[in-house]
Amino acid sequence: MDKMLKLDRARSDLMRSVARGSLVAITSAGVTLSSIAPALAQDNSIEFWTQSYGDALQWNATIRDLAAEFEAETGISVQHETINWSVAFDTWLTVSRGGAAPDCADMYWLHSFSAIGGDQYGPMPINEYRDQWENLDENFFEGSLQDVTWQGDFYGIPWRGDIRSFIYRTDAFAEAGIEGPPETWDEIVDIATELTERDENGNVTRWGYAYGTATNSVSWLLPYYWQAGGDFMTEDGRTATIDNEAMRTALTFMRDLMWEHEVVDPDSMEANYDPQPGFLAGDIAMINSAEQSWGVELDRDYPQLEGQWAMSLTPEGPENRDSFSGGGYLGVLRGTDKVEQCVEWMEFLSQEDNMATLSRVSGNVSTRRDVMDSEFWNDRPWKVVVGEALEYARTSQHPAPAWSAIAAPEPGAVLYDMMYDAVVRQQDLDEVISRAQERMQAELDRSNVQ
Amino acid sequence: MERDKLIFCYVMVAPALILTVGLGIYPMLASMVMSFQLYDLLQINAVGTPFVGFENYIAVFQDPRFVQTIVNTVLFTIIAVVVSIAMGLFLSQVINANFKGRAVLRTLVFVPWFVPPVVASAIWMWLLQTERSPINHALQSMGLIDTDIRFLTDPSTFGPFSIPMMAVAAVRVWNGLPVIIIFLLAGLQSIPKGLYEAAEIDGASIMQKFWFVTLPMLRPVMSVLLALLVMNGLGQFEINYIMTRGGPQNLTNIMAVYSYQQAFMFFRFDYAAAASGVILLMTSVVCIFYVRAQSKDTLR
Amino acid sequence: MTRALENGAIADPARAKTGFRNNDPITRFVVVLVMGLMLVYILLPVFWMIKSSFQTSLEVQAIPPIWLPETWSLDAYFDAGLLIPLWRYMFNSIVVSVVSAVITTAIAATGAYVLARYRFPGAMLILGMILATQLIPAITRVFPVYFLVQDLQLLNTYAGLILAYVGFSLPFAILLLRGYFQTSSPPELEEAAMIDGCTHFGAFWRVILPISLPGLAAVTIFSFLNSWNDFLWASLLLSSGAMKTVQVGIGDFASEGGGVQYINAFMAACVIATIPALILFFFVQRWLVSGLTAGAVKG
């Protein structure tokens, strides 16, 4: 009797689970069908490319999740593709010359690529959709919006900022009994001299200072020059303005750090220089112009260094405290017939919580004010510093198509050669700078031919 | 019958011809045409691509960096070719000899072939980075040096040579060695044993055998190898670009890197094409010498 | 290096007799020493790659360097598989490299055969063009080839990349095989075959190919390695997600942020990426040398 009952129950359990299973199967088939059906009727998928940020795995998963949510909401499916940073520039160059392009993408260097693409290829202005973003000017930082405007046209939504502040080893500072981070150029020299250490053979075991973190060495020059009161070009982007006292001040400062005070690695400007391992090992005491993504990375990958490093504002120069900021934006590519869908996707991504997600995962500061006010960007001391640094951030993108060539961190480029000749080779400053001024003007003229 | 033969010939050679023209000749011609045009991506939408004669060539030759780059390219090629052939001759002799463990040694010697240039450059960069270089640490702990060698960054020069040039050349040799060894090995095995036996009967020393038997018999392989190595060497790009970008102070810059930078960094496809044109000119000279040497050989 | 060679291989002419075996102890010692130094040079990077793949990334970055892993760990290998779809990329690489190597060999063999054996109008011109393609650096071709592949609608397909690889490996393969056909098989063979009623193609297919296997094997492995080791073209022509080759996938590590937090996984991926080529080499090395012995050597 008992036995029968058990068997019976088992059977009915079985039946129920079979029923449930087939129900799931049917519904899911229905869902799949219903999502395929409109896709067949009208191709409703867009191709979206991004560079890779932060932890590659996490980045891809994040975009996938956002795309799934977006598809559930709108029925538009997003095909995401990651571009390797090492070929990103070549890829966008090819795209701007008519190569295979996505519908929309995460891009940078708008001025160059839109000039190269002309009316046919490359970034596409979307002026008529600008109004779809409510309170654009209030919600986003002003500087970031400058980066998506070129010759009066609106090209997309800025989504990431790359803010540089100052990073230093608190353990080295404490050991030497130094109170806080340097606040001025002079203090940089004093502290760096104190913290530089050499062994009995003269090998440096700890460098007191490094110009900056990114492998882009030209990006180090920008803030020093600004802080000395200089501008690279006139507002219309047609005239180069680098032959002046400010440039002499900036380059002298950099050169003296390397050769007179001997606190900077003379190999800093070579292609294979990377200050990160040195900083992690405590062999570099402080670095100016440190990307905020270092904070995220150090938190995530080097918890054992907790308490041994801190960030602070870039020390003040003779004139001001301007610091470097780069950025990237979401934009539409010419040649797509899905502008509406792209704009919808971009709108979705630029909502507050999604922008917060992108910012958190990529480690880049957000271009939205509310995201920067959120808890995530205030729960660690270094994040508070980054938030403050935003006040001093100045865009590194100049309104001239030739700027990316002028500022390329590559031997042969105008600013790199100038820095190299003045700082590393210690050539005559006046000659170096006037040569650079002439070359830079020629580059600007190149892109202004009518 | 004659017609059949012709049809057969053309059908057989057609696929090769089509691919050679499409992926070899056409890009080459396109690049040569470009070297006589104004082809600046930043101006192209405004002014198009008018012909400008030799202006691009004049422009690159007026760039002192380019002139130094030509010298570097030639030096790099000579160093890499001489050192790798010398090493190749030694290594191929050794692994051609009969001894225990030859198969293992042979495989070990060929391992660099399977490490792609991109990966090889990355690992070598790690090994040659001044502070973390295990080579520096090993040398220091053996007491051979006091201060770290700045393999890739020391700008002091000895005539046209420098430490970074040697370091990058060493990586290029490393990367190219297996192919050279395999060619030389093939060459060695094609030498009839009788020749050595005859030489031995005449009382030849090992030196004399190398000089009077091995080297002359290797002549045909060596000429093919030389031509190949010189032509590839003049157009080499990857290793120099990844490891140094041509620095420090342009000491390791070579023509293909210069050309790449002009096109992909500065948008000057015309200058890039002119630089390639100069490379083409140099490789053509080598090629002509090679073909003439070959035809002399055949006549003999 | 040249001096080392003289010292090593050929020193002491008076006493040396045949091969290294019968040399006196001093010569042997010098040869072994030079050989040892060269092996250090050849194997140091390989050793560094392998040992780093078994360390934690902090240990890899340590200054002074740590030569042997303190604890041997396989974590990096699992991480590598998690960070990029390594096995899928390996599959892509194998497909692209094998197919392009086979096609290259087939096309090169037919072309090289008639260029070696027949006189027909245009033969010298074709040979000249093949030689000429070797004269310009690969980067010069980037844009024209990219747009050619795009016009054929082959971007982001295996076919597009295979086409490019076949095109690039072909000239060298033809020159090599032409030399091989000229020297390794006497023309009398085909003449006999054709008297027996074979067509031109029949003679090639049934008589010449079977005895040319070593040469074909040599060409195949050369083309395979050309494709397997390439980064530039793969990153331009086959950049789409799941289709990437393993070299491009490895590149994704290096370009990531600072690039050092996964240095051990990067090394592990490199180790894995070298293995298929190594295995292939192991099996064909016998033919490789004999194929070249008859071929390029006299080309």
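The values are calculated or read from the model by the stated rules, or taken from the named source; none is laboratory data. This structure is a prediction, so every number in the text was calculated from the model and none was measured. Cβ atoms come from the backbone with ideal geometry, glycine included; neighbour counts cover every protein chain shown. These accessible areas exclude ligands, DNA and RNA; they are computed on the full protein's heavy atoms, side chains included. Shrake-Rupley method; radii C 1.70, N 1.55, O 1.52, S 1.80 Å.
Side notes on the structure shown:
- Between A:297, A:319, the distinction of being in a helix (DSSP H, G or I), of a type in the set (D, E, K, R) and open to solvent by 10 Å² or more (accessible area, probe 1.4 Å) belongs to A:297 only.
- Any hit, the range B:270-279, residues being more than 9 Å from chain C (Cβ to nearest Cβ), touching a Ser or Thr at 6+ places or on another chain (Cβ under 9 Å), over 30 Å from residue B:220 (Cα atoms) and among the hydroxyl-bearing types (Ser, Thr, Tyr): yes
- Under the condition of being modelled with pLDDT under 85, surrounded by fewer than 18 Cβ atoms within 10 Å (Cβ to Cβ) and of a type in the set (A, V, I, L, M), the residues counted in the range A:48-68 number 1.
- With respect to (1) more than 7 Å from every other protein chain (Cβ to nearest Cβ); (2) open to solvent by less than 30 Å² (accessible area, probe 1.4 Å); (3) of a type in the set (Phe, Trp, Tyr), the lone exception for residue B:8 is condition (1).
- Residue selected from the range C:42-87 under the condition outside any loop (DSSP other than H, G, I, E, B) and of a type in the set (Phe, Trp, Tyr), by the criterion farthest from residue B:173 (Cα to Cα): C:78
- Residue that is hydrophobic (A, V, I, L, M, F, W, C), at the interface with another protein chain (Cβ under 9 Å from one of its Cβ atoms), touching a helix residue (DSSP H, G or I) at 6+ places or on another chain (Cβ under 8 Å) and closer than 21 Å to residue B:165 by Cα, where the choices are B:225, B:234, B:251, B:229: B:234
- For residue A:408, the conditions (1) under 20 Å from residue A:109 (Cβ atoms); (2) assigned to a helix (DSSP H, G or I) are fulfilled apart from (2).
- Only one of B:255, B:243, B:217, B:207 that is touching a residue at least 24 places away in the same chain (Cβ under 8 Å) and surrounded by fewer than 24 Cβ atoms within 10 Å (Cβ to Cβ): B:217
- For the range B:42-54, filtered to residues that are within 14 Å of another protein chain (Cβ to nearest Cβ) and not in a loop (DSSP other than H, G, I, E, B), the residue that is nearest to residue B:70 (Cα to Cα) is B:44.
- Candidates A:81, A:73: the one that is more than 8 Å from chain C (Cβ to nearest Cβ) and not basic (Lys, Arg) is A:73.
- All of (1) under 30 Å from residue A:294 (Cβ atoms); (2) aromatic (Phe, Trp, Tyr); (3) under 20 Å from the mean Cα position of the chain (by Cα) hold for residue C:253 with one exception: (3).
- Of all residues in the range C:78-107, those satisfying the criterion of being of a type in the set (A, V, I, L, M), touching a residue at least 12 places away in the same chain (Cβ under 8 Å) and over 18 Å from residue C:159 (Cα atoms) are C:80, C:83, C:84, C:86.
- Of the residues making up the range A:375-387, those that are surrounded by fewer than 18 Cβ atoms within 10 Å (Cβ to Cβ) and either modelled with pLDDT of 90 or more or among the hydrophobic types (A, V, I, L, M, F, W, C) (or both) are A:375, A:376, A:378, A:379, A:380, A:381, A:384.
- Restricting the first member to the range A:322-340 and to residues that are over 16 Å from residue A:113 (Cα atoms), and the second to residues that are in a loop (DSSP other than H, G, I, E, B) and open to solvent by 20 Å² or more (accessible area, probe 1.4 Å), the beta-carbon pairs closer than 7 Å and six or more apart or on different chains are A:336/A:103; A:338/A:103.
- Selection over the range A:61-106 of residues that are farther than 20 Å from residue A:147 by Cβ, part of a strand (DSSP E or B) and not small (Gly, Ala, Ser) gives a count of 5.
- Answer residue from the range B:178-189, given it is more than 23 Å from residue B:79 (Cα to Cα) and crowded, with 19+ Cβ neighbours inside 10 Å and is nearest to the other protein chains (Cβ to nearest Cβ) among those: B:186
- Residue C:211 being open to solvent by 20 Å² or more (accessible area, probe 1.4 Å) and more than 25 Å from residue B:113 (Cβ to Cβ): yes
- Of the residues B:246, B:203, B:194, the single one that is of a type outside the set (D, E, K, R) and under 22 Å from the mean Cα position of the chain (by Cα) is B:246.
- Within the span defined as the range B:27-35, every residue fails to be in contact with a strand residue (DSSP E or B) (Cβ under 8 Å, 6 or more places away or on another chain), open to solvent by less than 30 Å² (accessible area, probe 1.4 Å) and either more than 7 Å from every other protein chain (Cβ to nearest Cβ) or acidic (Asp, Glu) (or both).
- Meets criteria (over 18 Å from the mean Cα position of the chain (by Cα) and within 30 Å of residue A:153 (Cβ to Cβ)) for residue A:365: no
- Subset of the range A:261-272 [facing chain B (nearest Cβ under 10 Å) and either out of contact with any strand residue (DSSP E or B) (no Cβ under 9 Å at 6 or more places or on another chain) or not in a loop (DSSP other than H, G, I, E, B) (or both)]: A:266, A:267, A:269, A:270, A:271, A:272
- Residue in the range A:438-448 that is closer than 22 Å to residue A:157 by Cα and among the charged types (D, E, K, R) present: no
- Yes/no for residue C:154 being in a loop (DSSP other than H, G, I, E, B) and in the same structural domain as residue C:108 (by TED's automatic domain parsing): yes
- Any hit, the range A:326-344, residues being within 21 Å of residue A:213 (Cα to Cα), surrounded by 16 or more Cβ atoms within 10 Å (Cβ to Cβ) and among the charged types (D, E, K, R): no
- Checked against (1) within 22 Å of residue C:123 (Cβ to Cβ); (2) within 11 Å of chain B (Cβ to nearest Cβ); (3) open to solvent by less than 50 Å² (accessible area, probe 1.4 Å); (4) touching a Phe, Trp or Tyr at 6+ places or on another chain (Cβ under 8 Å), residue C:190 passes all but a single condition, namely (2).
- Hits in the range A:148-175 (condition: touching a residue at least 24 places away in the same chain (Cβ under 8 Å) and open to solvent by 20 Å² or more (accessible area, probe 1.4 Å)): A:150, A:153, A:160, A:162, A:168, A:170, A:171
- Residues within the range A:69-93 that are open to solvent by 10 Å² or more (accessible area, probe 1.4 Å) and under 17 Å from residue A:346 (Cβ atoms), tallied: 10
- In the range C:136-174, residue farthest from the other protein chains (Cβ to nearest Cβ) [restricted to those that are surrounded by fewer than 22 Cβ atoms within 10 Å (Cβ to Cβ) and more than 24 Å from residue C:93 (Cβ to Cβ)]: C:151
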